[in-house]
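See below for the structure under consideration.
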Amino acid sequence: QNMPRFWSSSRLDAITDSGMVQSRVERDARPRLDPWAHAIVSSRSNYLNDYSFALTPVLDMLNHDATIKTRAKIDEGQNLLMSTDAVLNSNEEVFISYGDLSNLDTLCDYGFVSSTNPVNTETLPLRTLLLPGQTLQVTIQADGSIDGDTLLTLRKILANAKELEEIEEKTKDKGSNADALAFSRPVSDRNELEVQALVSAFVYEEVDTARNGAKELSLRNRDGNGDDLVMRYLSARADTLQNGLNRIKKNFPDAF
C-alpha cells in the first residue's frame with residue numbers, strides 16, 4: 001500500500017510536487033489489469049537481455065541501493081548469476097541496484113524513497129508567455145545540473161534577433177541538426193544569464209513549495225497524523241532542487 005497507485009485522492013492531493021506523482025499514477029494506470037497483481041509483477045520482475053521480463057525467486061527479495069553497481073546474466077546452464085562491486089561482510093544484508101532511478105520512480109514503482117539518492121532527478125513545469133499554450137518540463141539532476149533539452153529550448157526562445165542571425169549564418173548549409181547543435185551550447189553571456197535567471201525563478205518557487213509541504217507533514221507527524229513517506233519524498237525533492245539553485249548561484253550570481 002506504499003505505492004501511490006493505491007492511495008486516496010486526498011493523500012495524492014497533499015503531495016506538493018506540481019502534480020508529478022499524480023501524473024505518474026495516471027500514466028501508469030492499467031484499467032484492464034487487476035491493480036494488486038499488476039503491482040506485484042511490476043515491482044518484483046527483473047529484466048535481462050534476450051530474456052525479457054521474469055520473476056526470479058530470491059532475487060526479488062533483495063533491496064535497492066543506488067550506490068551499488070550490480071550485473072546479472074544467465075549462463076549456459078540457465079542459471080542466473082549476479083555480481084556486484086560491493087564488499088560484503090558475513091551476516092551483512094546484500095543489496096542490488098534496480099537501476100538509475102529517481103525518487104519518483106522508486107516511490108511509484110516500489111513504494112519507497114531515499115533521502116540520499118545520488119542519481120535522483122526532479123522535474124518541474126515551466127510556463128512562460130514565450131511558449132504560449134505550452135509547458136516545458138525542466139529536469140534538475142542530483143548534482144544540480146539542468147537537462148540539456150531544457151537549456152536548448154530556452155536558449156532558442158530567449159535569443160535576440162542578432163544572436164539568431166549569427167547562428168543562422170553559422171549553421172547555413174550544415175545539415176538539419178546544425179541548429180540544435182548550436183543551441184546545445186551557450187549562445188552568449190547575455191542569453192545564458194537570461195536562461196539561468198528564468199529557470200532559477202521557477203526552481204526557487206518549487207523548493208519553497210516542497211519545503212513547506214514537508215514541514216507541514218512533519219508537524220502532523222508529531223500528532224500522529226502525518227505522512228512520513230510523503231514527507232521524505234518532498235524533503236528529498238526540495239534538496240535536489242536546492243542543488244540546482246546553488247549551482248546557478250555559483251555560476252551565475254547575477255541571475256538572482
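Tell me whether region 1-9 contains one or more residues that are over 21 Å from the mean Cα position of the chain (by Cα) and of a type in the set (Gly, Ala, Ser).
Yes - at least one qualifying residue is present in region 1-9.
Quick test of your reading of the structure: ARG44 fulfils all but one of (1) of a type in the set (Lys, Arg); (2) at pLDDT 80 or above; (3) closer than 22 Å to PRO118 by Cα. Name the failing condition by number.
(3)
Being without any contact (Cβ under 8 Å) to a residue 24 or more places away in the chain, surrounded by 18 or more Cβ atoms within 10 Å (Cβ to Cβ) and not basic (Lys, Arg): is that true of ASP85 here? Even if it seems obvious, please write down each step before you answer.
Working: without any contact (Cβ under 8 Å) to a residue 24 or more places away in the chain: yes; surrounded by 18 or more Cβ atoms within 10 Å (Cβ to Cβ): no; not basic (Lys, Arg): yes.
Judged against the criteria, ASP85 is not a match.
Any idea which residue in region 42-55 is nearest to LYS215 (Cα to Cα), counting only those that are under 23 Å from the mean Cα position of the chain (by Cα) and either loosely packed, with under 12 Cβ neighbours inside 10 Å or of a type in the set (D, E, K, R) (or both)? So that I can check it myself, show each step before the final result.
Taking region 42-55 and keeping what is under 23 Å from the mean Cα position of the chain (by Cα), we get 42-47.
With the extra rule that they be either loosely packed, with under 12 Cβ neighbours inside 10 Å or of a type in the set (D, E, K, R) (or both), the set shrinks to 44, 47.
Values: ARG44: 33, TYR47: 38 Å.
Within region 42-55, the match that is nearest to LYS215 (Cα to Cα) is ARG44.
Please return the ranges of helices (runs of 4 or more DSSP H) entirely within region 155-256 where 1 or more residues are in contact (Cβ under 8 Å) with a residue 60 or more places away in the chain.
Values: elements: 161-171, 178-183, 189-222, 228-251.
Where helices (runs of 4 or more DSSP H) fall fully within region 155-256 and carry at least 1 residues being in contact (Cβ under 8 Å) with a residue 60 or more places away in the chain, they are 189-222, 228-251.
Go through the residues of region 173-192 one by one and say whether even a single one is of a type outside the set (A, V, I, L, M, F, W, C), within 25 Å of THR135 (Cβ to Cβ) and surrounded by 18 or more Cβ atoms within 10 Å (Cβ to Cβ).
Yes.
Out of ARG237, ARG220, ARG190, I need the residue that is basic (Lys, Arg), over 16 Å from ALA142 (Cβ atoms) and either in contact with a helix residue (DSSP H, G or I) (Cβ under 6 Å, 6 or more places away or on another chain) or modelled with pLDDT under 95 (or both). Which one? So that I can check it myself, show each step before the final result.
Values: ARG237 fails: over 16 Å from ALA142 (Cβ atoms); ARG190 fails: either in contact with a helix residue (DSSP H, G or I) (Cβ under 6 Å, 6 or more places away or on another chain) or modelled with pLDDT under 95 (or both).
Residue meeting the stated conditions: ARG220.
I'm trying to understand the selection: among the residues of region 1-29, which are over 21 Å from LEU101 (Cα atoms) and exposed (fewer than 11 other Cβ atoms within 10 Å of the Cβ)?
Those that are over 21 Å from LEU101 (Cα atoms) and exposed (fewer than 11 other Cβ atoms within 10 Å of the Cβ): SER8, SER9, SER10.
What residue, of THR123, THR135, THR106, is free of Cβ contacts under 8 Å to residues at least 12 places away in the same chain, within 27 Å of LEU12 (Cβ to Cβ) and of a type in the set (Val, Ile, Thr)?
Numbers: THR123 fails: free of Cβ contacts under 8 Å to residues at least 12 places away in the same chain; THR106 fails: free of Cβ contacts under 8 Å to residues at least 12 places away in the same chain.
Among THR123, THR135, THR106, only THR135 is free of Cβ contacts under 8 Å to residues at least 12 places away in the same chain, within 27 Å of LEU12 (Cβ to Cβ) and of a type in the set (Val, Ile, Thr).
Being within 24 Å of ASP28 (Cα to Cα) and touching a Phe, Trp or Tyr at 6+ places or on another chain (Cβ under 6 Å) narrows it down to one of THR56, THR106, THR123, THR139, so name that one. Spell out the reasoning first.
Numbers: THR56 fails: touching a Phe, Trp or Tyr at 6+ places or on another chain (Cβ under 6 Å); THR123 fails: touching a Phe, Trp or Tyr at 6+ places or on another chain (Cβ under 6 Å); THR139 fails: touching a Phe, Trp or Tyr at 6+ places or on another chain (Cβ under 6 Å).
Residue meeting the stated conditions: THR106.
Please find, within region 104-154, the residue that is farthest from VAL41 (Cα to Cα) out of those that are in a helix (DSSP H, G or I) and among the hydroxyl-bearing types (Ser, Thr, Tyr).
This residue is THR153.
With the structure loaded, tell me whether ASP65 is acidic (Asp, Glu), within 30 Å of VAL207 (Cβ to Cβ) and crowded, with 16+ Cβ neighbours inside 10 Å or whether it fails that test. Give the derivation first.
Numbers: acidic (Asp, Glu): yes; within 30 Å of VAL207 (Cβ to Cβ): yes; crowded, with 16+ Cβ neighbours inside 10 Å: yes.
Yes, satisfied.
The values are calculated or read from the model by the stated rules, or taken from the named source; none is laboratory data. None of these values were measured; they are calculated from a predicted model. Reconstructed Cβ throughout: ideal geometry from the backbone, glycine too, with neighbour counts over all protein chains shown.
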